[in-house]
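To keep things clear, I will list the structure first and then write my remarks on it.
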Amino acid sequence: MAGFSARKGDLFTRSDIQDRLGVPIDGRGGDWATGYTHYDNEFFVFANVDTAGRTGHDYQNRWENDGLIWFAKNRTNLRQQQVKDLISGTYPVHVFYRSGDRRPFAYAGRGTPVDVQDLTPVRLTWTFHHGSTVADHKGEITSALVDRGFHVEQATKQTQRASKGSLVVYVKQLSGSYPLVLSPEWKERLSDLMKAGAERPASRLFYHNATMRSFPVRSHGGEQPIQYGIDFGFSGRKALDDFLDVVTGAPPVPATKGPLGPTVDPETETEATRAIRLGQQKFRNDLIEEFERCPISGIDMPELLRASHIKPWSHSSNPERIDSNNGILLAVHIDILFDKGLMTFQSDGKAAISSKLSAITLETLGVNSFKPLCNLTPERLSYLKYHRSNIFKA
């Protein structure tokens, strides 16, 4: 057997993987239905992230920057042979993750265990190789920054700050994965940056590190808000140079589009319209931070995502217009369906599609592949009930 292979981000059910490996029907139970299994000299790890599994256990698996903090099965310890084999490095370990029970798993890649802790259950962090990157990234990236007129400051243990006028970037010092970090406002230009040859992690949008003090902060699971940005990797020096050409040659990142349009003259803008514009910018940013991608299609490019109101703007009170529970981050083609009442969501998150859509439209839009809506807070469910009753055209 050549071994399992897949691209990072590819989606699989357990049955998909078993079919690919040729696992006999009578051998698909047991460990396959739990958190990990050893098959044909390879391990397969299935992690529910930020959600409980089918057994009801919630070990608080979570992404933390470039690593997946993960807990082994209940009652495990480092003296057990299967755990020893799992972390030994002798066998390839393929890690899959998902954020909702009964959804397909995304392939994270071949994992390397670090920070192994002898707890019950065992806790460790999986890190992943992300392909070829710029060799000696600290030296080569800082050299490229200096060549473009950046002032590079003395490195801290974790990051190194570089600035050119108002443009600030950080270079990671401890991790070789996606080493260059830009301010989160660059999410509105992500497609331009990716065209320049940059690489991004499939599992998240933002990177968090408290030493990036020039960047804004957000709440991210800890007691205190933490600085965050968008991190990038590069396949080689040319990709890095092309990327920096875009960054240093770009005009200021524009304000987020809202009901008033992309730009407003500050000299003629009234206090009322300014409050609306800033409120809508915050509404969109809140949804990007909550969802990070369209939960229905999986599209994660911010330029293709809309902060969609569930209860329409024209129907909402001023507090409802900026309430993030009254919003969903949707890809543009799904947003237009939802906005026009041609689709809605049931109380379990599953999409309901209007009978007004033709078969060719359904097929072209890929409606059959739509995933259920997640993050169903009580408040969001209330707004969805309004949408089903008053907006949806069955």
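Here are the numbers for this structure:
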{"item": "With 5 Å bins from 0: P(r) over region 271-390, alpha-carbon pairs, percent", "result": "2, 11, 22, 25, 20, 11, 5, 2, 1, 0"}
{"item": "Kirkwood Rh and Cα Rg combined as Rg over Rh, evaluated for region 137-249", "result": "0.93"}
{"item": "All-pairs alpha carbon distance profile, region 346-394, 5 Å steps from 0, percent", "result": "5, 18, 25, 23, 18, 9, 2, 0"}
{"item": "Pair Ile360, Asn318: separation of 7 Å Cα→Cβ label points (nm)", "result": "4.8"}
{"item": "Cβ-Cβ FRET estimate between Asn41 and Gln117, R0 fixed at 30 Å, reported to 0.05", "result": "0.70"}
{"item": "log10 of Debye I(q)/I(0), alpha-carbon scatterers only, for region 11-128 at 0.12, 0.15, 0.21 Å⁻¹", "result": "-0.39, -0.62, -1.32"}
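Here, each number is a calculation from the coordinates, and none is a lab measurement. All figures in this text were calculated on a predicted structure; none of them were measured in a lab. Positions of Cβ are generated from backbone atoms using ideal geometry, with glycine treated the same way; all protein chains shown enter the neighbour counts.
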